[in-house]
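Heads up: the structure comes next, in structure tokens.
Just so you know, all these numbers are worked out from the coordinates, no wet-lab data involved. Everything numeric in this text was worked out from a predicted model, so none of it was measured. Virtual Cβ from ideal backbone geometry, glycine too; neighbours counted across all protein chains shown.
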């Protein structure tokens, strides 16, 4: 997925050339985790996000871009355990 350049980064004069985001998902049984209570029979679903930012940024600008990435709407939604509601229509 390629993300568009953030207007906020443009305001801060972050010279972004390109941003690429790769996401992956796993389903892991809690027994396979080190910090697991053995009595729990539960799965966890870690979502990993790798962000590749092509640009030349100083450490202050890198910190700023990292803060913006954590404020991403998708990131915030996934952290809140959203309720998924499906609606389905069949048309013949």
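Here are some notes:
- Distance (nanometres) between label positions extended 7 Å along Cα→Cβ at residue 24 and residue 43: 1.8 nm
- Computed from the alpha carbon atoms alone, the convex hull of the stretch 41-92 holds 179 Å³ per residue.
- Subtracting the Cα-Cα distance of residue 89 and residue 71 from 0.36 nm times their residue separation leaves 3.1 nm of extension gain.
- Taking other C-beta atoms within 10 angstrom as a stand-in for reagent exposure, 89, 45 fall in the order 89, 45, fewest first.
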